[in-house]
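First comes the structure, then the notes that go with it.
The values are calculated or read from the model by the stated rules, or taken from the named source; none is laboratory data. All figures in this text were calculated on a predicted structure; none of them were measured in a lab. When we count neighbours, we look across all protein chains shown, and the Cβ atoms used for this are built from the backbone with ideal geometry, even at glycine.
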Amino acid sequence: MELQIGLPLFYFLLLGFAILMYVLLDGFDLGIGILYPWFNTDAEHDHLMRSISHVWDGNETWLVFGGVILFGAFPLAYASIASLLYLPIMLMLIGLIFRGVAFEYRFKSHTSKIWWNRAFAIGSSLAAFCQGLMLGVLVQGVDADSIASSSLQWLTPFSLFTGLAVMAGYALLGCTYLTMKSRGDIQQKAARYGQRLLLFVMLAMLLVSLFTLYKQPEIRERWFGGAHSLILMLLPLMAILAARLLFRDLGRVQRQFAAEADISIRHESRPFWLAASLFLLAFAGLVAGLFPYLLPHQISFYTAAAPDSSLSFMLPGVLIFLPLILAYTLWGYHIFRGKVEDYEEGY
Amino acid sequence: MELDAALLSRLQFAFTVSFHIIFPSITIGLATLIAIWEGLWLKTGNPVYLQLAKFWIKPFAITFGMGVVSGIVLSYEFGTNFSEFSRITGAVLGPLMAYEVLTAFFLEAGFLGIMLFGWQRVGPKLHFMATVVVAVGTWISAFWIIAANSWMHTPAGHIIVDGVFQVDSWWQVIFNPSMPYRFTHMLLAAFITGTFVVLATSAWQLRHSEHKNMARKGLSMTLWLALILTPLQAYVGDLHGLNVKEHQPVKLAAMEGIWAEREAGAPLLLFAIPDRVAEKNHFEIGIPKLASLILTHDPDGELMGLKAVPADERPNVAVVFFSFRVMVGIGVLMILTAFAGAFLRWRGTLYQSRWFLTACSYLAPSGIIAVLAGWYVVEVGRQPWLVHGLVRTIDVVSPLPAERVLFSLTLFVLTYSLLFGVYLYFMRKLIRKGPPPMEKLSQQLIGVKASGYAVALAKHIKPEQEQR
């Protein structure tokens, strides 16, 4: 019995890892797309694009990875969830298409530049919003018959709210990325917006948590019954602490810039890691509530798991290639480390 | 008229996958050529190779970008539009795609950033390595996706438990009977497609642009490549055809337009109009006995015809029949071009022959059209099956409301039509703009080394500050 649960559990965790990586990595570059309209000049827009043009493709690959892990390890869940969420997935894909091609075409265009700016901003926002919508569905769950009848149950005030919340969260990640990668006005703007977004994100996390606890007695019990609830309580406490530090750091970046302090004491890259850990904690909270389900109360990871022959076939691939992927991805980020320079670089 | 969700889902998949295949077909060949040029530049120091690499890397970048965004769509469409198919074959096809992502997609994406934007950040050898890795990544990607696709044509190595596919032998699943042929055929097709895009552009540049040296080099290299690759492709295509005859005789009958249950001494039809209702061809023009000779190596050999199976197990004959002729026709044209080029080279008039260069410049989309036609033969020819002989397409479509699929299909048609126009516009723009001039090329070489990079940076920043 233990062995039968072991492999599916591994893939459940792997799926979680893939989703988390996607949310963190594409989160900051979608976030920059969401922030885009709040920056005005061509030079600022160039800068924003340059800061992510070499990584967006790799970041988006985590979305494909999540999709195929779901397909290969949990075919039943992939089939049900994908057709249930038909429209949000399609709209997300269209959004990703427009913002993806904008990277290439914008730098090669003159008269049509304004359209690529729009494609990038609207595409990124649409994709992020749809992802938030899907998150909302995962949290609230759907009726048993809604998968077969392909209803519109994914469209609720709650899921619309989570759509906006995820947009804000990605934008926050984008702000902290810019705080790390930019100088001067752009950095200051990013830090300022980051503080406001952080307040909204914390409020949204609180509301979503309260709503879930109120609506779903099982989750309430899991959080407030038994000794393990003490460990779970660490998650919100740590989140509050991270948010507190993040708010202070973003403020410090602004003040010390005004005081013309040395760059080294401004902690310009710490906000990004704090925002990332905020996401990590929120994600851990989500998984703690959802476990062992892929779709609440309907599809659990062990009922949806593919046969052993498939799970063990993928295992060496994952164990060998995933560390390699992480290594060369890190190396890629290392090569492009430091502030983004505002001049023509590359091909 | 009642809307049919199943038909709409199939149309949507056919449309989105057709759009997608255009771009990898070009980038597989183009990435390989760019890697070759960069390698030759490192080896010989001849700047014309660097110029070629630098010129083609821009069209490559936009083509690759289009391939990425249109490819993500496909990885979700299995589940959104063919949920039952995903449920029953996920354990077989999902792991193959997981390997594709693990061994190819991440690799391509990870090194693409360095290939495109890393010229001033890494040394020339490391940059060359990044380019090679991207090229090899495109081949690996083709390997896995062709393995998955081939399994749907010639399924092997599986068992069926409670209506769900499980794997008995992964080796047999991956190297299923048609996989080696399809993989070789497709990889060659992609190399040829990239080759002809470069060949056509170089021919155009020889007549209309000032970068004659680069154009001459590009034309010469691609003509040699075409001379080797196109006849080889004809040979591999023939082997692939024999494989189809063995495993999917109905598809072969549709390709050849053979109706009779068994036909001895079947002619090779050059033209005909197949009629599904009357179960025969109209206006046949053919070469007697040639089809039998090619496929059985005996002029009186017997071939199986469409009537050997019930009407509901036959594909749309006309689509398969005509697509096959388009593909073969273009193939013949390409072989003729390669030989004509070799002949002119031997005569010493290759670069002056206006008619030949003009003709070549019209061949830019030839590879893409042949690839699309070939895939229509393969995929339409498999219908009504999704997994040959085991799963019918119509049985595994998601039970979606038709309006919803119509909505997404409309969105895709609008989006892709717009983007295809944009893509052609920018390709034309980049080709007309030409390569970076030689002087600028040497400047960029300074930047390749880290110290030079700092100097270039300082130079760049100064005038900017003075302006303020």
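Table: residues versus (1) under 25 Å from residue B:408 (Cβ atoms); (2) in contact (Cβ under 8 Å) with a residue 40 or more places away in the chain; (3) more than 8 Å from chain B (Cβ to nearest Cβ); (4) not hydrophobic (A, V, I, L, M, F, W, C).
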{"residue": "A:17", "(1), (2), (3), (4)": "no, no, yes, no"}
{"residue": "A:22", "(1), (2), (3), (4)": "yes, yes, yes, yes"}
{"residue": "A:32", "(1), (2), (3), (4)": "no, yes, yes, no"}
{"residue": "A:38", "(1), (2), (3), (4)": "no, yes, yes, no"}
{"residue": "A:48", "(1), (2), (3), (4)": "no, yes, yes, no"}
{"residue": "A:58", "(1), (2), (3), (4)": "no, yes, no, yes"}
{"residue": "A:67", "(1), (2), (3), (4)": "yes, no, no, yes"}
{"residue": "A:80", "(1), (2), (3), (4)": "yes, yes, no, yes"}
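For region B:105-124, the set of residues classified as buried (at least 22 other Cβ atoms within 10 Å of the Cβ) and either among the aliphatic types (A, V, I, L, M) or in a helix (DSSP H, G or I) (or both) consists of B:105, B:106, B:107, B:108, B:109, B:110, B:111, B:112, B:113, B:114, B:115, B:116, listed by residue number.
Among the numbered conditions (1) outside any helix (DSSP H, G or I); (2) under 24 Å from the mean Cα position of the chain (by Cα); (3) not charged (D, E, K, R), the only one that residue B:3 does not meet is (2). Filter region A:329-344 down to the residues that are facing chain B (nearest Cβ under 8 Å) and surrounded by 18 or more Cβ atoms within 10 Å (Cβ to Cβ), then identify the one that is nearest to residue A:25 (Cα to Cα). Per the criteria, the residue is A:329.
Scan region A:265-308 for residues that are over 22 Å from the mean Cα position of the chain (by Cα), surrounded by fewer than 21 Cβ atoms within 10 Å (Cβ to Cβ) and over 19 Å from residue A:177 (Cα atoms) and the total you get is 8. Just one of the listed residues (A:67, A:72) is surrounded by 24 or more Cβ atoms within 10 Å (Cβ to Cβ), within 20 Å of residue B:109 (Cα to Cα) and not hydroxyl-bearing (Ser, Thr, Tyr), namely A:67.
Considering only region B:255-271, I want to know if a residue exists there that is surrounded by 17 or more Cβ atoms within 10 Å (Cβ to Cβ), over 19 Å from the mean Cα position of the chain (by Cα) and part of a helix (DSSP H, G or I). Checked region B:255-271: at least one residue is surrounded by 17 or more Cβ atoms within 10 Å (Cβ to Cβ), over 19 Å from the mean Cα position of the chain (by Cα) and part of a helix (DSSP H, G or I).
Per the listing B:53, B:31, B:5, the residue uniquely facing chain A (nearest Cβ under 10 Å) and crowded, with 21+ Cβ neighbours inside 10 Å is B:53. Among the residues in region A:135-147, are any within 26 Å of residue B:83 (Cβ to Cβ), modelled with pLDDT of 95 or more, touching a helix residue (DSSP H, G or I) at 6+ places or on another chain (Cβ under 7 Å) and within 13 Å of another protein chain (Cβ to nearest Cβ)? No - not one qualifying residue is present in region A:135-147.
Which ones in region B:160-174 are hydrophobic (A, V, I, L, M, F, W, C), farther than 15 Å from residue B:148 by Cα and touching a helix residue (DSSP H, G or I) at 6+ places or on another chain (Cβ under 8 Å)?
Filtering region B:160-174 for residues hydrophobic (A, V, I, L, M, F, W, C) gives B:160-161, B:164-165, B:167, B:170-171, B:173-174.
Remaining after also requiring farther than 15 Å from residue B:148 by Cα: B:160-161, B:164.
Within region B:160-174, just B:164 meets the criteria.
Considered as a group, the residues in region B:40-50 that are surrounded by 16 or more Cβ atoms within 10 Å (Cβ to Cβ) and touching a residue at least 12 places away in the same chain (Cβ under 8 Å) include one that is farthest from residue B:225 (Cα to Cα), and that residue is B:47.
For region A:3-52: of the residues being among the polar types (S, T, N, Q) and assigned to a helix (DSSP H, G or I), which is surrounded by the fewest Cβ atoms within 10 Å (Cβ to Cβ)? Among them, the one singled out is A:4.
Please work out if residue B:128 is among the aromatic types (Phe, Trp, Tyr) and within 21 Å of residue B:192 (Cβ to Cβ).
Details: among the aromatic types (Phe, Trp, Tyr): yes; within 21 Å of residue B:192 (Cβ to Cβ): no.
Judged against the criteria, residue B:128 is not a match.
Residue pairs whose Cβ atoms lie under 7 Å apart, sitting 6 or more positions apart in sequence or on different chains, and linking a residue in region A:228-245 that is within 14 Å of residue A:271 (Cβ to Cβ) to a partner that is modelled with pLDDT of 90 or more and not small (Gly, Ala, Ser), are A:242/A:274; A:242/A:278; A:242/A:281; A:243/A:198; A:243/A:202; A:243/A:278; A:245/A:274. The set of residues in region B:230-254 being buried (at least 18 other Cβ atoms within 10 Å of the Cβ) and closer than 17 Å to residue B:310 by Cβ consists of B:248, B:250, B:251, B:253, B:254. With the condition kept exactly as written, say whether any residue in region A:309-318 is within 22 Å of residue B:104 (Cα to Cα), within 22 Å of the chain's Cα centre (by Cα) and not hydrophobic (A, V, I, L, M, F, W, C). There is no residue in region A:309-318 that is within 22 Å of residue B:104 (Cα to Cα), within 22 Å of the chain's Cα centre (by Cα) and not hydrophobic (A, V, I, L, M, F, W, C). Screening the candidates B:404, B:392, B:428 for the property of being modelled with pLDDT of 85 or more and away from chain A (no Cβ under 12 Å) yields one hit, B:392. Of everything listed in (1) at pLDDT 90 or above; (2) under 20 Å from residue A:28 (Cβ atoms); (3) surrounded by 17 or more Cβ atoms within 10 Å (Cβ to Cβ), the single unmet condition for residue A:208 is (2).
Checking A:318, A:287 one by one, the residue that is farther than 30 Å from residue A:339 by Cβ, away from chain B (no Cβ under 14 Å), assigned to a helix (DSSP H, G or I) and among the β-branched types (Val, Ile, Thr) is A:287 and no other.
Selection of region A:99-147 for residues being surrounded by fewer than 20 Cβ atoms within 10 Å (Cβ to Cβ), assigned to a helix (DSSP H, G or I) and among the acidic types (Asp, Glu) yields only A:145. Looking at region B:290-393, the helices (runs of 4 or more DSSP H) lying wholly inside it that each contain 2 or more residues that are touching a strand residue (DSSP E or B) at 6+ places or on another chain (Cβ under 9 Å) and of a type in the set (Phe, Trp, Tyr) sit at B:317-347. Of everything in region A:87-120 that is of a type in the set (A, V, I, L, M) and more than 12 Å from residue B:419 (Cα to Cα), the residue that is farthest from the other protein chains (Cβ to nearest Cβ) is A:114. Screening B:72, B:22 for residues that are farther than 24 Å from residue B:394 by Cβ, in a helix (DSSP H, G or I), hydrophobic (A, V, I, L, M, F, W, C) and more than 13 Å from every other protein chain (Cβ to nearest Cβ) leaves exactly one candidate, B:22. Inspection of region B:108-123 identifies at least one residue that is more than 10 Å from chain A (Cβ to nearest Cβ) and either touching a His at 6+ places or on another chain (Cβ under 8 Å) or in contact (Cβ under 8 Å) with a residue 60 or more places away in the chain (or both).
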